[in-house]
Amino acid sequence: MEQNTAPYREHNRTSLTKEKLKQGFLDNLYFIQGKFPTLASRNDYYLALAYTIRDRMLHRWISTATNYYESGARTVCYLSAEFLMGPHLGNNLVNMGIFGMVKEVVEELGLNFEELLAQEEEPGLGNGGLGRLAACFIDSLATLEIPALGYGIRYEFGIFEQTIVDGWQMEKTDKWLRNGNPWEVPRPEWAQEVRLGGHTEQYTDENGRLRVRWVPAKIVLGIPYDTPILGYRTNTANTLRLWKSEAPESFDFEVFNRGDYYGAVDQKVTSENISKVLYPNDEQLSGKQLRLEQQYFFVSCSLRDMLRVLAIQNIPLSRFHEKFAVQLNDTHPAIAVAELMRLLLDEYLVDWDDAWEITQRTFAYTNHTLLPEALEQWPLPLFASVLPRHLEIIFEINSRFLDEVRIKFLGDEARLARLSLINEGGERYVRMAHLACVGSHAINGVAELHSELLKQDVLKDFYELWPEKFRNKTNGVTPRRWMILSNPSLASLVSDRIGNGWVRDLEQLRQLEPMADDADFRKEWWDVKRANKVAFAQYIFKRTGILVDPESMFDFQVKRIHEYKRQHLNVLHIISLYRRLKENPNLEVPPRTFLFGGKAAPGYHTAKRMIKLITSVGEVINRDPDIRDRIKVVFVPNFNVTTGQKIYPAADLSEQISTAGKEASGTGNMKFSMNGALTIGTLDGANVEIREEVGAENFFLFGLTADEVYALRASGYHPYDYYNTNPHLKDVIDLLRGGSFSRGDADLFRGLTDGLLHHDPYLLFADFQSYVDCQEEVSRAYLDRDHWTRMSILNAVRSGKFSSDRSIRQYCEDIWKAEPVPITLLGQNEEPT
Ligand code: GL7
């Protein structure tokens, strides 16, 4: 059906005048929520507003889909088990350029705009940096007008909500869908069937060829839920397609008809389980069957979806890799390598060699971690029971692969064992990182140091085999959410001086460098930070009842709680400073508020005890009258995207203190720096590049380098010696061991202190003195407000490299070979009627 789309432009539901926005809002309240103002709840108003904005996104979304369909453009598919999107409403307003106007409209209607924004439950479909990176990347893809789809899982329960009870973390389920999700559109007509379990059979086809058939034990349906992803002030609206699992009705019926009602119900329940909940572990494999099913489920749905698109665009299968560039966000979707092979071999009857070429040319793999405990491996029996056919295919890939290795490295049996897709040492495992490496044409790390360490260590054998596959793509974050939306006062201060070109081209911030020497500008800069701190202090008071002084330095460490990230090193410094202040009340240090935030994986007991350590030390210090508010310690509960948006703009100091060689990149470090916080950090992950960009003189560096860490371990590390020879360190540890921060309970932190004294795998003791000395330097620097502000300005305006737009440009050029496709809005050349 041909359709004139022009009339939609001036419609109540699409027009961008204030009057039409108001009318649209009231219509939605009436026709969607079924309410009138006296009865409407805050959620009704939020939904009415959200639908009013969504209405205005649809024209771009439909136009984008049409343009892509007609151009047959090369498309980037970003496969990720996590997309940590954060609230949509504010971001969509920013990207459409109507934030201010909509705020006015809402206020003219007598409603509180901030309250409506806060009403949105954030879709927390990710654990931390990896999931948030995926969200920043799809924002940049849309902004750069690259045809792209994000593919993932629509978890019914996202990352748990954290509360703090008696100083301990408690977890509550995240019911983010309970009030409705206005941003998604289900597309049941594009559902996919996914098979699981069962066995395989051989058969001979009509041409006498031996083939394999997979006879699954169960089938589940994947229903796509689409969310439009707007570019910043472009016509592009790409799609985030998340799969929800359901029971296929026909299947239910079969069992049902056999009279097994409960069997049918069971099947429905187990099918729906697959997309029920996000595993809350970051960088720790869970080894659970359901997790493997989740991974396969979304990968299979997504690849079949690509095949569907290929078919409707009449593109031959042999050109799959020309149409799609598929990025594997870590090993979670690595099963895609075997699944695409299976689809091509068994369902489309393509020859092995052709199938393998298409596969390798389609995929590229990003590694996100150096921690050995995070490298996914699946026990062979478990793998075989869920994906019997894939295991056969993996064996075949492996045998051909190892033949290639044998020729290149004649007689090197040890190397073969190291490279094999199957770990044969004792219990046998499938190594997902190896599958990803073998099946991809490009492999990248996420910061320069990380990419180097991959080549030297974790993926050394693959590097020696295929050096040409390896590259670096340093992470980045979107300045739309992390500057404009979260720090509007800083953004307008910047735009007042240099216009707003920086929002799409963050390097333009450098034009402000000379302003660091301008006293008036410094004053304005300081005032913005100060106002953000006042707002955050109010938030803290509301959430924790703790009063903090906005005059004090706001020193933040927010990230997942992990031993390698060393929140406990931060605590050791706090205790040592506390101790010195008690001894010498005249010590000249600026008042400081130490703020922590982050979730611990529910089963990671040491991390949970680290939270208890922070809150316990805070309890003692915060009420010690001797300290008279010169230091405070606060644990900000439930760190997520929403709280992050308040935190980064309010920070003076950013703690990036992981053991060198452990943090692949970090992205919080970038968000802080962009918002004018100075960093105290090790030479780890992207800290190295941040320091390079902002200048060594504007960065507080301490600690061993990755090489030194390696050498120290190799020569034998004895933490006890540091304890014995450093009286400050000994004092701090002894206070903890004596129960000074645990109401006399000497056992509460015994596990932590003993662990440090006897093992200290993350070298806290080795870095302790260097860290304490560096913190003294920080304190001295903060006393010189002018100089500090100068450094703060230089940090922000030299952070251009860390825009995710830069990352995405590099992926497009170097890995995806994807080009922008500017979108013409439908009906643009037609007269409105
Ligand atoms: C991580 C890394 O730990 C983190 O350093 C990196 O910035 C992020 C995105 O590349 O990926 N890897 C990982 O498994 N998680 C991360 O945050 C959970």
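Taking 7 Å along the Cα-to-C-beta vector as the label spot, tell me the residue 780-residue 207 distance in nanometres, rounded to one decimal. Placing both labels 7 Å along Cα→Cβ, they lie 7.8 nm apart.
Selection among 683, 53, 315 by position relative to the dipole of the chain gives 53 as farthest towards the positive end (Cβ unit charges, Cα centre). Note on residue 314 and residue 260: the extension gain reaches 15.1 nm, defined as 0.36 nm multiplied by sequence separation minus the Cα-Cα distance. Label-to-label distance, residue 416 versus residue 11, with points set 7 angstrom from Cα along the beta-carbon direction: 6.5 nm. A DSSP coil position with no more than 14 other Cβ atoms inside 10 Å describes the following GluC sites (Glu not before Pro) in region 139-247: 206.
Tell me, what is the FRET efficiency for residue 747 and residue 580 to the nearest 0.05, using R0 = 25 angstrom and their Cβ-Cβ distance as r? List each step's numbers first, then the result.
On the way: r = 27 Å, r/R0 = 1.08.
Plugging the Cβ-Cβ distance into 1/(1 + (r/R0)^6) gives 0.40.
Please give every one of the aspartates and glutamates within straight-line cross-link reach of residue 35, meaning a C-alpha to C-alpha distance under 18 Å, and leave out same-chain neighbours fewer than 8 residues apart. Residue 35 reaches 27, 44. Considering every alpha-carbon pair of region 352-461, the percent of pairs per 10 Å bin, from zero through the bin containing the longest distance, is 13, 42, 38, 6.
Projection of the Cα convex hull of region 88-167, averaged over all directions and equal to a quarter of that hull's surface, yields 8.0 nm².
Near residue 747, once Lys and Arg are set to +1 and Asp and Glu to -1 for all other residues with Cβ below 12 Å from its Cβ, the sum equals +2. The Rg/Rh ratio of region 759-807, with both radii computed over alpha carbons and Rh defined as the Kirkwood radius, is 1.19.
Percent relative contact order of region 317-448, based on C-alpha pairs within less than 8 angstrom and at least six residues apart? Mind showing how you got there, number by number?
Values: 162 pairs, mean separation 48.0, N = 132.
It comes to 36 percent, rounded to a whole number.
Across the accessible surface of the chain, with the other protein chains kept in place and a 1.4 Å probe, carbon and sulfur atoms take up 50 percent.
Using the alpha carbon gyration tensor of the chain, what are the three equivalent-ellipsoid semi-axes (square root of 5 times each eigenvalue), largest first, in whole Å? Provide the component values of the computation, followed by the final result.
Working: eigenvalues 372, 260, 132 Å².
Semi-axes, largest first: 43, 36, 26 Å.
Projecting the Cα atoms of 380, 502, 807 onto the dipole axis of the chain, where Lys and Arg carry +1 and Asp and Glu carry -1 at the beta carbon, places 502 farthest toward the positive end. Computed about the Cα centre, the dipole magnitude for region 490-578 is approximately 580 debye when only Lys and Arg (+1) and Asp and Glu (-1) carry charge, each at its Cβ.
In the structure displayed, which of 175/612; 599/632; 323/473; 18/276 lie more than 31 Å apart, Cα to Cα? Can you show the working numbers first?
Values: 175/612 26 Å; 599/632 21 Å; 323/473 23 Å; 18/276 40 Å.
Violating the 31 Å Cα-Cα cut-off are 18/276.
Note the full-extension length gain between residue 69 and residue 587 as 0.36 nm times their separation in residues minus their Cα-Cα distance, in nm to one decimal. Could you put the intermediate results ahead of the total?
Details: separation 518, 0.36 × 518 = 186.48 nm, distance 6.82 nm.
Between residue 69 and residue 587, full extension yields 179.7 nm more.
Taking a temperature of 25 °C and a viscosity of 0.890 mPa s, what whole-number D in µm²/s does Stokes-Einstein yield for region 683-799 with Rh from Kirkwood over alpha carbon pairs? This corresponds to a translational diffusion coefficient of 148 µm²/s.
Rounded to a whole number of µm²/s, how large is the Stokes-Einstein D of region 640-696 at 37 °C and 0.692 mPa s, given Rh as the Kirkwood radius over C-alpha pairs? Answer from the Stokes-Einstein relation: 288 µm²/s. Each part gets one Cα centre, and for region 276-342 versus region 783-832 those centres are 28 Å apart. The residue 523 and residue 179 beta-carbon pair, evaluated with R₀ = 35 Å, returns a calculated FRET efficiency of approximately 0.20.
Note on residue 408: aspartates and glutamates with a C-alpha under 18 Å away, same-chain residues under 8 apart excluded, are 461, 464, 468.
Relative contact order of the chain: what whole-number percent is it, with Cα pairs under 8 angstrom and at least 6 residues apart?
Numbers: 1523 pairs, mean separation 119.5, N = 833.
Averaging sequence separation for qualifying contacts and normalising by length gives 14 percent for the chain.
Helix-only arithmetic for the chain: the sum of -39500 (n - 2.57) across DSSP H runs with n ≥ 4, divided by the residue total, places the mean residue ellipticity at 222 nm at -14000 deg cm²/dmol.
Once both labels are positioned 7 Å from their Cα atoms along Cα-to-Cβ, the gap between residue 166 and residue 272 label points is 3.6 nm. Each Lys or Arg adds one and each Asp or Glu takes one away; over the other residues whose Cβ falls under 13 Å from the Cβ of residue 593, this sums to -2. Semi-axes of the equivalent ellipsoid for region 60-209, computed as √(5λ) from the eigenvalues of its C-alpha gyration tensor and ordered from largest down, come to 37, 26, 14 Å. Around the Cα centre of the chain, unit charges on the Cβ atoms of Lys, Arg, Asp and Glu (plus for the first two, minus for the last two) sum to a dipole of about 1040 debye.
Counting only aspartates and glutamates at least 8 places from residue 103 when in the same chain, those with an alpha carbon closer than 15 Å to its own are 19, 114, 115.
When the dipole is taken about the Cα centre of region 656-727, and only Lys, Arg (+1) and Asp, Glu (-1) are charged at their Cβ, what size is it in debye, to the nearest 20?
Using Cβ point charges on Lys, Arg, Asp and Glu, region 656-727 gives about 220 debye.
Gap in Å between the Cα centre of region 145-173 and the Cα centre of region 624-648? When both Cα centres are located, 22 Å separates them.
Quick check: the distance between the Cα centres of region 474-527 and region 566-594, to the nearest angstrom? Comparing the Cα centres of region 474-527 and region 566-594, I get a distance of 32 Å.
Peptides 487-494, 751-758, 234-241, ordered by how many other C-beta atoms sit within 10 Å of their residues on average, highest first, read 234-241, 487-494, 751-758.
Seen from residue 544, the other residues with C-beta closer than 14 Å to its C-beta sum to a net charge of +3, counting Lys and Arg as +1 and Asp and Glu as -1. Shown is the FRET efficiency for residue 721 and residue 215, computed with R0 = 60 Å from the Cβ-Cβ distance and rounded to the nearest 0.05: 0.45. Once the chain from residue 697 to residue 539 is taken as fully extended at 0.36 nm per residue, the excess over their C-alpha distance is 53.6 nm.
The values are calculated or read from the model by the stated rules, or taken from the named source; none is laboratory data. Keep in mind that this is a model prediction, so the values were computed, not measured. Every residue, glycine as well, gets a Cβ built from its backbone with ideal geometry; the counts of neighbours run over all protein chains shown. Quick note on the areas: whole protein, heavy atoms, side chains included, nothing else; ligands and nucleic acids left out. Shrake-Rupley method; radii C 1.70, N 1.55, O 1.52, S 1.80 Å.
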